[in-house]
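Below is one structure, written out as structure tokens, with a few remarks after it.
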Amino acid sequence: MSTPNAHYGFAERWLPRLVLAPSFLLTLVFLYGFIAWNGYLSFTNSRLLPNYEWAGLVQYATLFENERWWVAVRNLGIFAVLFIGGAMAIGITLAILLDQKVRGEGAIRTLYLYPMALSFVVTGTAWKWMLNPGLGLEKLMHDWGFTSFTFDWLVNSEMSIYTVVIAGLWQSSGFVMALFLAGLRGVDDSIIKAAQIDGATLPRIYWKIILPALRPVVFSTLMILSHIAIKSFDLVMALTGGGPGFSSDLPATYMYSMAFTRGQTGLGAASAMMMLATVAAIVVPYLYSELRKDSHG
Amino acid sequence: MGALAIKNVTKSFGDTHILKGINIDIEAGEFLILVGPSGCGKSTLMNIIAGLEQATSGEVHIADRVVNNVAPKDRDIAMVFQSYALYPTMNVRQNIAFGMETRGVPKAEQNEIINRVAKMLQMDHLLDRKPSALSGGQRQRVAMGRALARDPKLFLFDEPLSNLDAKLRVEMRVEIKQLHQRLKTTIVYVTHDQIEAMTLGDKIAVMKDGVIQQFGSPQDIYERPANLFVASFIGSPSMNFIPCHLVQQGEQIGVTLQGNGVPQFIALSDRAELKDRVGQKVILGVRPEQWDVEQSEHALQCAVKITEPTGPDTMVYSEVNGVEMIARVHPRAATAAGTSLSLILDVKKAVVFDPETELRIA
């Protein structure tokens, strides 16, 4: 009597595992396996080719004495703060303005969301042309007769990281707007009416009532933006190539040039581990709090 | 002193006319009900009173002041919404305090008001909870508390009980009525539920298609509905509309009704309005409770098709002059389906409508 059931249970039990096995295996090897391999390499003296002889923390010591690494870290700080803060501010403002029942909202929404459809490489290249003093904005203003106008951030080693911020904002603000617009649409209209009758101004209504109610959206957006910021690579490569010099390097481009163009695999691995640690420092507490909330219902 | 006066208010979106000239005038302390089916414009009218929407033309007066160009917050009103509209991230205390903070009421006074309101609505124990931790009835209470804290000239209730279950709705209805009797404030209350309208209102405005069909006291509207729509909308089960001809028998003017027995002449002759309509078609409007079971030679014999016992009364469905007719009779007097019942009409309360204009003529 129990035999057919047990037989049926066997397929029930093993089919899902069988189907999931390939992707599980691929993830295990190519994600966690390579993270572990990279982790090991960061403790070796690997140059152009991997060298498996244990060398302790020597690569980390080199990394922390390397001026170019600190430029990259400082740039990441500037980029992350301005990019995340700016994209949130612009996105929320656009979403609130679009939420005022404007005409042609669908078209405007698509317009703002379009940059997200481009890859960072295309964005970077397009902005490289626009910001190039000899080709883009500066040349246009000169041609119009404003000869004293200068906008040379792209070739100015003090300011080049800010051009990355500009292009990043252009790409991501519309996405933030779409996330917040969806959240705003979920807010009951009569709450706004009630607050109006209570005498609150529109900024106060949004600041005190609606945005606090959108806390989950704020957190998910922060998560998405911060991991985009930390792993930013293609935007910098296409826009400035890390230059002038290495003035607009980010940790990701630093890691790339160490590991793949300068034959400093060990150093690259160490910088990659530092990036992993940064991402983990943000993601793990977030996942922990989210998962814990779920299990509590 | 007039608490609220609405003068010739219209509202249009392009060619769509939502409100077509609304006139309402109520005194301080009155409870006004705006009632009508969905899409009749009652919520739009409410929003115009609150200042959340602008009237296309016409004037709104609150406490003898034209408020057309006054912002909602300066109209001295408070509103309770169907969805309660509590601020989700604030606890009950903060919800009530928000409006007072905005108006710059001193902290000590705020606390005093919150405590007074909480005591009045018996929700002291809820003050530190978030709206998500409250039941529907409790949320409704908090929404009312928030309105009470304002102590306004005019309370606006926008279908406040629609989201509650049937039992709670009856309880809250009584509570709102008690509150009104205690505070003597002026209330405008929007509902689509005719029972709420009848039980709560001092004045009822029955609306349809952006026009007030009738404005008057509940009893007035129930007994002398202005037209067929009002007659059918107010009252449950609905009024019976029996098509008949106005005939003259000797000195008497009346109508002839026929169930499944001999036709009975029913005299309506004390009504002067009917004199020059003899021979015309009319519609006789009879409420279900205006029938009585009685054996007499003047009684109307009706075939019972269905009976619906509700406990205190039994609804008897039958047919008169070819249309369905419902009589509300005492449960012991009701007979089973398939039998015949003798019914006597309370003629004085019956009303007569013109089938063309649908207006009441007598």
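Where a number appears in this text, it was derived from the coordinates with a stated rule and is not lab data. These numbers come from a predicted model, not from an experiment. When we count neighbours, we look across all protein chains shown, and the Cβ atoms used for this are built from the backbone with ideal geometry, even at glycine.
What's the local net charge at A:Thr150, with K and R +1, D and E -1, over the other residues with C-beta under 15 Å away? Can you show the working numbers first?
On the way: positive: A:Lys139; negative: A:Glu138, A:Asp143, A:Asp152, A:Glu158.
Result for the local shell: -3.
Please tell me the relative contact order of chain A in percent, rounded to the nearest whole number, where contacts are Cα pairs under 8 Å and at least six residues apart.
Contact order relative to length: 29 percent.
With the contact rule set at Cα under 8 Å and sequence spacing of 6 or more, what percent relative contact order holds for chain B? Walk me through the numbers before you get to the answer.
Details: 752 pairs, mean separation 55.4, N = 362.
Worked out over chain B, it gives 15 percent.
Sorting A:Ser160, B:Ser12 on the 10 Å Cβ count, fewest up front, what's the list?
B:Ser12, A:Ser160
What GluC sites (Glu not before Pro) in the stretch A:96-199 are in a loop by DSSP, with at most 13 other Cβ atoms within 10 Å of the Cβ? Intermediate values should be presented prior to the final figure.
Working: sites: A:Glu105, A:Glu138, A:Glu158; in loops: A:Glu158.
Loop-located and lightly packed - A:Glu158.
If you take the Cα atoms of the protein assembly as shown, find Rg, then find the Kirkwood Rh from the mean of 1/r over all pairs, what is Rg/Rh?
Numbers: Rg = 37.9 Å, Rh = 32.2 Å.
Here the Rg-to-Rh quotient is 1.17.
Which longest run of chain B has no exposed loop site in it, a site being GluC sites (Glu not before Pro) in a DSSP loop with at most 13 other beta carbons within 10 Å, and the site itself not part of the run?
For GluC sites (Glu not before Pro) (loop position, at most 13 other Cβ atoms within 10 Å), the longest site-free span of chain B is B:1-250.
Which net charge results when you count Lys and Arg as +1 and Asp and Glu as -1 among the other residues whose beta-carbon is under 13 Å from that of A:Asp189? Don't jump to the answer; show the numbers that get you there.
Numbers: positive: A:Lys101, A:Arg185, A:Lys193; negative: A:Asp99, A:Asp188, B:Glu53, B:Asp158.
Local charge sum for A:Asp189: -1.
How high is the relative contact order of the stretch B:287-362, in percent, counting Cα pairs under 8 Å that sit 6 or more residues apart?
Details: 141 pairs, mean separation 27.8, N = 76.
Taking the mean separation of contacting Cα pairs over the length of the stretch B:287-362, I get 37 percent.
Using helices alone, what [θ] at 222 nm do you get for chain A, with -39,500 (n - 2.57) per DSSP H run of 4 or more residues, divided over all residues and rounded to the nearest 500?
After summing the helix terms and dividing by the residues of chain A, the value is -22000 deg cm²/dmol.
In this model, which of A:Lys208/B:Lys153; B:Lys208/B:Lys348; B:Lys20/B:Lys42 are farther than 20 Å apart at the alpha-carbon?
Distance filter (> 20 Å) returns A:Lys208/B:Lys153; B:Lys208/B:Lys348.
Can you pull out the chymotrypsin sites (Phe, Trp or Tyr not before Pro) in the stretch A:73-154 that DSSP calls coil and that have at most 10 other Cβ atoms within 10 Å? Numbers along the way, then the final one.
Numbers: sites: A:Phe79, A:Phe83, A:Tyr112, A:Phe120, A:Trp127, A:Trp129, A:Trp144, A:Phe146, A:Phe149, A:Phe151, A:Trp153; in loops: A:Trp144, A:Phe146, A:Phe149, A:Phe151.
Here the sparse-neighbourhood loop sites are A:Trp144.
Roughly how many Å is it from the Cα centre of the stretch B:11-88 to that of the stretch A:41-75, as a whole number?
71 Å
DSSP loop chymotrypsin sites (Phe, Trp or Tyr not before Pro) in the stretch A:184-268 with at most 11 other Cβ atoms within 10 Å of their Cβ, which ones?
Answer by residue number: there is no such site.
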